[in-house]
1. What's the extension gain from residue 256 to residue 288 if we count 0.36 nm per residue and subtract their Cα-Cα distance?
2. Can you show me the helix-derived [θ] at 222 nm for the chain, built from DSSP H runs with n ≥ 4 at -39,500 (n - 2.57) apiece and divided by the number of residues, rounded to the nearest 500.
3. In whole Å, how far is the Cα centre of segment 321-386 from that of segment 247-273?
4. Points 7 angstrom from Cα along the Cβ direction at residue 68 and residue 378: gap in nanometres?
5. How far is the Cα center of segment 25-58 from the Cα center of segment 103-146, in Å?
6. For segment 208-333, treating each Cα as an identical point scatterer without solvent, what Debye log10 I(q)/I(0) comes out at q = 0.20, 0.21 1/Å?
7. Between residue 269 and residue 23, what is 0.36 nm times their sequence separation minus the Cα-Cα distance? Round to one decimal in nm.
8. Of [x] 19, 32, 33, 14, 1, 0; [y] 21, 35, 22, 16, 7, 0; [z] 26, 55, 18, 0, which one was derived for P(r) over Cα pairs in 20 Å bins from 0, in percent from the structure shown?
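Nothing in this text is a laboratory measurement; each read-out follows from the coordinates by a stated rule. Treat the numbers as computed from the prediction; the structure is a model and nothing was measured. Virtual Cβ from ideal backbone geometry, glycine too; neighbours counted across all protein chains shown.
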């Protein structure tokens, strides 16, 4: 142990006349610990929320979408060939056609919704909608049923799977109603009419799903691919192809491969492109919290400054003796920098232990629970990342080092003769 460190530790010990200074030192350690623990807990919680939201989105949507630039859809026969091409690209584990359009679902209430047509035979390779079904099944076939017990005339009803929140407005399992969309502009159509024709088909709710994301559960209704084509008058066309890859973080590199094998008019969109604004906002919010909570450590650093200044005032005679014995200015400065860094290291270690312990307990035992009917999760999520803990440690030690410099320079500037003149 260097003698500067030994002296710094010696100055931190409590004596009768310096007990108040020691108490302030321990308060500084506690302040640093609280700031570090708060940062660790908040950043881990923000990471957990980001991970949960991302997973929920990817459970209900594709990693990559292949569409056309003019959004005219992919013609029948062509999309089957494109599908075979995509399956031959390394990293792709599933491809399925889909149709997506805005429409209206009428049951107990009339509600605007996103109508998504899927192929049940290949949809499970991309979407996880079948795993999210609460009631019923992914039955998207059609059936002919009588209009009423009194009327024997039969109507065709398409099977439809809707989100939980949408079912609260449209109707429960078995509810019958209609789904309507505005058709594409017909060839040769003239001026826009005030009341355009509307395509409408009957449906029966065969399943209710719950992903946990309100935006999906309140807005999405699934039809079979052929039923959606019939409803929209698309013939054998599809809106695009949904792709799932083995590593979602490899989406950008897979996109580059697809852009080489699929020239114009095809357009490749990754899940990162689709949700760029959402995840950018979450990243900004995370680092804003990092800066704001870092102010707690800065407050503790001010305590370190006041503590070291009082130590310098109380130890004037000892500093003078050290310099009279040959201690250099840099050596005296290192004594007080070491004292400030001891406070910083102790507070940082204690804070990291508290933060890690709380996060581990929450992740393991779910101490803080949330009402699942209000939030999309049943407990506060935690995702501890090594890089975050490293950044917290560096920030804490840097602030403590900066706080130690001014008192250390004041101590080093004391003249030995002036310090021991009246002793």
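1. Taking residue 256 through residue 288 to full extension adds about 8.2 nm, to one decimal.
2. Here the helix-only value at 222 nm equals -17000 deg cm²/dmol.
3. Cα centres, segment 321-386 to segment 247-273: 42 Å.
4. Each label point is offset 7 Å from its Cα along the Cβ direction, giving 4.6 nm.
5. Between the Cα centre of segment 25-58 and that of segment 103-146, the gap is 40 Å.
6. Normalising to I(0) and taking log10 leaves -1.26, -1.28.
7. 82.6 nm
8. [y]
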